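Asks: A single structure is presented below for examination.
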Amino acid sequence: MTTQEAKKIRIADYLQSLGYSPVKQQGKSLWYKSPFREETEASFKVNTDLNQWYDFGTGKGGNIIALAQELYRSDNVPYLLERIERQTPHIRPVGSSFRERQTDKPSFQHLEVGELTHPALLRYLQERGINIELAQAECKELHFTHNGKPYFAIGFSNVAGGYDVRNQFFKGCIAPKDISHIRQQGEPREKCLVFEGMTDNLSFLTLRMKNCPTMPSLDGQDYVILNSVSNVSKAIDVLHGYGCIHCLLDNDEAGRKTYWKLEKEFAGRIRDFSQNYNGYKDLNDYLCGKRQNLIVNPPPRTIVKPKKKGLRL
């Protein structure tokens, strides 16, 4: 099989042959739970017109060769072509029902934005260990329809006017997707803290409130929340205005790669604080005391040890 022959194979059909079926369709995009990791929400997209894929968890994408590189962890093209060819007898088209469900309507409609008060949403935050008053100050309550069904959820606004959306059963985004940039009032701040998602940011604020109850305003630093590691390039533009950047990213491969991208850009004024919660996937797991089952020591990064127990930045 040649490279050109491989590229003619529909990525959706190839994934189907490997046992990966789409969980939803939005226009020309098929959405999957990522084949690269375990997850509960679909973050892997295939554009059926372009025959290209994109994984929002890693920020990677491309054609079927690039997909095989990730699946089989190899850059050896002849080997990858052999693996693809070996699979071709099993390739069957994705069920027609996904191709027939074409629609030009946006998946989120009838959006209403209000104060965060719904008991179910507050209970969800409490289960995640997050301080309710802090969350109410930073988030909104959204009511909307999604694929014709009514939903309500916590909304975290971004700089482009969209929202990251969360509730106990749903995780998504009301477009446009972008970073969130929380700036303090008054003089421009020298320090900015970087988080992957809104739950990490709210967990940090909760931890600081617990550790520093006499300092309700904390240190007054600014915050950048990526809302997806694929937004790191957008964050770089904003972070150029700060002399001190502290990263509190996830303790996984995506978090490490994101830090490396930022460290390459801001060497000398960036610090990594993820080792302060080593053994936990992220800040929320640290807040809730939920350790990882398997702790893998990551490649060395700039390690800043806290002076005493708790997160002190």
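The values are calculated or read from the model by the stated rules, or taken from the named source; none is laboratory data. Note that this is a predicted model, so its numbers are computed, not measured. Using ideal geometry, Cβ is built from the backbone for each residue, glycine included, and neighbour counts are taken over all protein chains shown. Only protein heavy atoms, including side chains, enter the accessible area calculation; ligands, DNA and RNA are left aside. Shrake-Rupley method; radii C 1.70, N 1.55, O 1.52, S 1.80 Å.
Asks: What distance in nm lies between label points placed 7 Å from Cα along the C-beta direction at Q275 and F170?
Replies: Computed distance between label sites Q275 and F170 equals 4.2 nm.
Asks: How high is the FRET efficiency between T3 and N47 when r is their beta carbon distance and R₀ equals 35 Å, given to the nearest 0.05?
Replies: So, using R0 = 35 Å, E works out to roughly 0.95.
Asks: Next up: Which whole-number percentage describes the relative contact order of the range 154-228, with Cα contacts under 8 Å and a sequence gap of 6 or more?
Replies: Worked out over the range 154-228, it gives 33 percent.
Asks: Hey, if we sort S34, S233 by accessible area with the 1.4 Å probe, largest down, what's the order?
Replies: S233, S34
Asks: Checking the table K210/K264; K210/K257; K171/K210; K191/K257; K45/K210 against a 32 Å threshold on Cα-Cα, which pairs fail?
Replies: From the list (K210/K264; K210/K257; K171/K210; K191/K257; K45/K210), the Cα-Cα distance tops 32 Å for K210/K264; K45/K210.
Asks: Could the peptides 73-86, 45-58 be put in order, highest first, of the mean number of other beta-carbon atoms found within 10 Å of their residues?
Replies: The peptides rank, most packed first, as 45-58, 73-86.
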